[in-house]
Amino acid sequence: MTWLALGLALFLGIHLTQALAPTWREAQLAGMGEKRWKSFYSLVSLIGFVLILWGFAQARQQPLPLWPRIPGMNHAAAALMLVAMVLLAAVHVPRNHLKAKLQHPMTLAVKVWAFAHLLANNTLADLMLFGSFLVWAILVFRAARRRPAPAAAAPTLLGTVATVVVGVALWAGFAFWAHAAWLGIAPLGR
């Protein structure tokens, strides 16, 4: 659990600088320059991400359940993941109504992803991983909503339909193949 905790601290900590420590971040940018700051930011993020993956894999070998599993929660999580994938698609598909209305669909996608996984899982490692990302997403979303929204191109029906189609395709790919292939867990198989 130590490696998981360290990875979460590094990865989420560096990703919280703009939301919680903007003055410090600006000082680092000014002192290092943009290129060095981005290199440092990327290196800390990568180290944190690798430690999260390794620490979570280690923790899964000796899981510590915190509560009994609730039947059907994996299906509830799968339905929430459909929402998360559509929100994720809204980040990348241009001119969609979701991004125009919500302004920060990536952060909302992380919130829904984390909450869904907390519903479906019950170990200490799950609580650490998904709970940390949920708290991070809440903090970042609140900070982002305080900043003025950047001007965006007017949304179109085509952009919105494409967002939903891409999101459903992403969800299907993960639900029926990638999650099991990459993580060894078939989300709809339990």
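A few remarks follow.
- Evaluation of residue 4 against the conditions (1) closer than 20 Å to residue 183 by Cβ; (2) surrounded by fewer than 17 Cβ atoms within 10 Å (Cβ to Cβ) shows that the sole unmet condition is (2).
- Residues (surrounded by 13 or more Cβ atoms within 10 Å (Cβ to Cβ) and either among the β-branched types (Val, Ile, Thr) or touching a Phe, Trp or Tyr at 6+ places or on another chain (Cβ under 6 Å) (or both)) located in segment 46-70: 47, 48, 49, 50, 51, 52, 54, 55
- Residue within segment 77-86 that is surrounded by fewer than 16 Cβ atoms within 10 Å (Cβ to Cβ), free of Cβ contacts under 8 Å to residues at least 60 places away in the same chain and in the same structural domain as residue 145 (by TED's automatic domain parsing) present: yes
- Any hit, segment 86-103, residues being aliphatic (A, V, I, L, M), farther than 25 Å from residue 54 by Cα and modelled with pLDDT under 95: yes
- Counted as qualifying within segment 87-190 are the helices (runs of 4 or more DSSP H) with 1 or more residues that are under 19 Å from residue 13 (Cα atoms), namely 105-120, 124-146.
- Hits in segment 129-170 (condition: under 30 Å from residue 63 (Cβ atoms) and out of contact with any helix residue (DSSP H, G or I) (no Cβ under 6 Å at 6 or more places or on another chain)): 131, 135, 138
- Residue selection: residue 115 fails the criterion of being closer than 21 Å to residue 55 by Cα, in contact with a His (Cβ under 8 Å, 6 or more places away or on another chain) and either of a type outside the set (Ser, Thr, Tyr) or surrounded by fewer than 22 Cβ atoms within 10 Å (Cβ to Cβ) (or both).
- The set of residues from segment 23-45 being over 21 Å from the mean Cα position of the chain (by Cα) and under 23 Å from residue 142 (Cβ atoms) comprises 23, 24, 25, 26, 27, 28, 29.
- Given (1) surrounded by 12 or more Cβ atoms within 10 Å (Cβ to Cβ); (2) within 22 Å of residue 141 (Cα to Cα), number of the condition residue 101 does not satisfy: (1)
- Pairs with Cβ under 9 Å, 6+ apart, first in segment 58-73 and under 21 Å from residue 183 (Cβ atoms), second among the aromatic types (Phe, Trp, Tyr) and at pLDDT 95 or above: 58/3; 59/3
- Test: residue in segment 24-45 that is small (Gly, Ala, Ser), in contact with a Lys or Arg (Cβ under 9 Å, 6 or more places away or on another chain) and touching a residue at least 12 places away in the same chain (Cβ under 8 Å): no
Per-residue answers, yes or no, for (1) over 24 Å from residue 71 (Cα atoms); (2) at pLDDT below 95; (3) not β-branched (Val, Ile, Thr):
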site: 112; (1), (2), (3): no, no, no
site: 131; (1), (2), (3): no, no, yes
site: 135; (1), (2), (3): yes, no, no
site: 139; (1), (2), (3): yes, no, yes
site: 147; (1), (2), (3): yes, yes, yes
site: 162; (1), (2), (3): yes, no, yes
site: 172; (1), (2), (3): no, no, yes
site: 179; (1), (2), (3): no, yes, yes
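The values are calculated or read from the model by the stated rules, or taken from the named source; none is laboratory data. Predicted model, so just to flag it, every value in this text is computed and none were measured. Positions of Cβ are generated from backbone atoms using ideal geometry, with glycine treated the same way; all protein chains shown enter the neighbour counts.
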